[in-house]
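Trainee: Next up is a structure, given as structure tokens.
The values are calculated or read from the model by the stated rules, or taken from the named source; none is laboratory data. Quantities reported herein were computed from a predicted structural model and do not represent experimental measurements. FYI the Cβ positions are ideal-geometry reconstructions off the backbone, even for glycines, and counts take in every protein chain you see.
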Ligand code: ATP
Ligand code: FE
């Protein structure tokens, strides 16, 4: 069974081909244009998707060494994401499925960040049901109880900013280019995580809040730069390490709480921030400290990619869970 996956929810245009759940190709075109604006500009993202989508899909098919006619179905991201971006992938998927006369499968992007753990599953240790999935990305921060591939329950989420935004907005305050998350990670590895204490938000249950952290970083930096204009340059590693340490503590605290509450010790992470070296290390420590069994996706399946869309497509194909041509993109959807 050959599935073409198409992802266009934000600022990456991606296409992948999977054969029976194994990746044959996974092409990602990241849009550089947004860097100069310090964040994703929706209008420009949509236009770049229109330019990228045909060459990216062609390349995915070529790299997989198959013919379009071999495809069994097309899976695409229906949402959540930016409307103008989603529309490009949705329309393209529809017309290609129509032209090839094959089934069309709609995919929830956040479910895909979780089910990315089932890509190439016989080569890796995959999580056993039920497990807890913490999706930490540019637009979401959720703890999800995963009972089965398509039986998921959000048991905690952010009440304001996503954790990826906390990284990116803090990076912006430090004068780093967008997206700053990977850069903070890099500098953090060279710094002292206890150099500057940042406050942890008080929010109940299994929910998160990150907008206060961004504000305290801003006030702290403003104050320090007033005293020493070179404060950022002289302390960049320590600032990044301290910030990352605070963010990871917030995430691990909630995971501990969720694990205790549900009695589930199998824990997976997904989404762009799961590429972070600090969170990966902290999870591993959790195996010794709390008896967890943890799962981290392969690096290339953490940030947006079409292989994760295609794996959901494959799992839905097995259940004959197809969608019809009347399907429309949706900027906000839950599971
Ligand atoms: P969503 O999936 O919620 O719709 P998105 O698709 O835009 O949002 P992803 O592509 O999953 O988000 O993740 C992008 C985010 O991951 C960015 O905020 C980026 O800074 C962050 N990120 C990527 N690598 C790292 C890293 N090593 N450390 C911290 N953050 C990182
Ligand atoms: Fe994403």
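Trainee: Let me confirm something: among 93, 48, 64, which residue is surrounded by 19 or more Cβ atoms within 10 Å (Cβ to Cβ) and closer than 20 Å to residue 322 by Cα?
Mentor: Being surrounded by 19 or more Cβ atoms within 10 Å (Cβ to Cβ) and closer than 20 Å to residue 322 by Cα holds for just one of 93, 48, 64, which is 93.
Trainee: Output the number of residues of the range 89-142 satisfying the condition of being away from ligand 2 (no atom under 16 Å from the Cβ) and in contact with a helix residue (DSSP H, G or I) (Cβ under 6 Å, 6 or more places away or on another chain).
Mentor: The number of residues fulfilling the criteria is 7.
Trainee: If you go through the range 224-234 one residue at a time, do you hit one that is crowded, with 20+ Cβ neighbours inside 10 Å and in contact (Cβ under 8 Å) with a residue 24 or more places away in the chain?
Mentor: no
Trainee: To continue, here is another question. Among the residues of the range 275-283, is any within 15 Å of ligand 2 (Cβ to nearest atom) and in a helix (DSSP H, G or I)?
Mentor: Yes, because at least one residue in the range 275-283 is within 15 Å of ligand 2 (Cβ to nearest atom) and in a helix (DSSP H, G or I).
Trainee: Continuing with the same structure: Is it true that residue 129 is touching a strand residue (DSSP E or B) at 6+ places or on another chain (Cβ under 6 Å) and part of a loop (DSSP other than H, G, I, E, B)?
Mentor: For residue 129, the condition - touching a strand residue (DSSP E or B) at 6+ places or on another chain (Cβ under 6 Å) and part of a loop (DSSP other than H, G, I, E, B) - is met.
Trainee: Right, something else. Quick one: would you say residue 145 is more than 18 Å from the chain's Cα centre (by Cα), closer than 28 Å to residue 86 by Cβ, away from ligand 2 (no atom under 16 Å from the Cβ) and not in a loop (DSSP other than H, G, I, E, B)?
Mentor: No.
Trainee: So how many residues does the range 284-306 have that are farther than 30 Å from residue 17 by Cβ and part of a helix (DSSP H, G or I)?
Mentor: Here the count works out to 7.
Trainee: Can you say whether residue 309 is modelled with pLDDT of 95 or more, more than 27 Å from residue 93 (Cβ to Cβ) and in a helix (DSSP H, G or I), as far as the supplied structure shows?
Mentor: Criteria not met by residue 309.
Trainee: Pairs, please: C-beta under 7 Å, at least 6 apart or cross-chain, first residue within 12 Å of residue 139 (Cα to Cα) and in contact (Cβ under 8 Å) with a residue 12 or more places away in the chain and in the range 162-177, second near ligand 1 (Cβ under 8 Å from one of its atoms) and in a helix (DSSP H, G or I)?
Mentor: Between residues of the range 162-177 that are within 12 Å of residue 139 (Cα to Cα) and in contact (Cβ under 8 Å) with a residue 12 or more places away in the chain and residues that are near ligand 1 (Cβ under 8 Å from one of its atoms) and in a helix (DSSP H, G or I), the close pairs are 163/273; 164/181; 164/272; 164/273; 167/181; 167/184; 167/273; 168/181.
Trainee: Turning to a different aspect of this structure: When only residues in the range 285-304 that are within 12 Å of ligand 1 (Cβ to nearest atom) and farther than 22 Å from residue 148 by Cα count, which is surrounded by the fewest Cβ atoms within 10 Å (Cβ to Cβ)?
Mentor: Out of the qualifying residues, it is 299.
So that you can scan it fast, the table gives a plain yes or no per residue for (1) assigned to a strand (DSSP E or B); (2) under 19 Å from the mean Cα position of the chain (by Cα); (3) under 17 Å from residue 273 (Cα atoms):
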residue: 161; (1), (2), (3): no, yes, yes
residue: 166; (1), (2), (3): no, yes, yes
residue: 172; (1), (2), (3): no, no, yes
residue: 182; (1), (2), (3): no, yes, yes
residue: 193; (1), (2), (3): no, no, no
residue: 203; (1), (2), (3): no, no, no
residue: 217; (1), (2), (3): no, no, no
residue: 239; (1), (2), (3): no, no, no
residue: 260; (1), (2), (3): no, no, no
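Trainee: Output the residues belonging to the range 98-118 that are in contact (Cβ under 8 Å) with a residue 60 or more places away in the chain, in contact with a strand residue (DSSP E or B) (Cβ under 7 Å, 6 or more places away or on another chain) and over 21 Å from residue 80 (Cα atoms).
Mentor: Matches in the range 98-118: 103 only.
Trainee: Any idea which of 329, 282 is in contact (Cβ under 8 Å) with a residue 40 or more places away in the chain and either over 19 Å from the mean Cα position of the chain (by Cα) or within 16 Å of ligand 1 (Cβ to nearest atom) (or both)?
Mentor: 329
Trainee: Looking for something in contact with a strand residue (DSSP E or B) (Cβ under 6 Å, 6 or more places away or on another chain) and under 21 Å from residue 302 (Cβ atoms) - is there at least one such residue anywhere in the range 179-196?
Mentor: no
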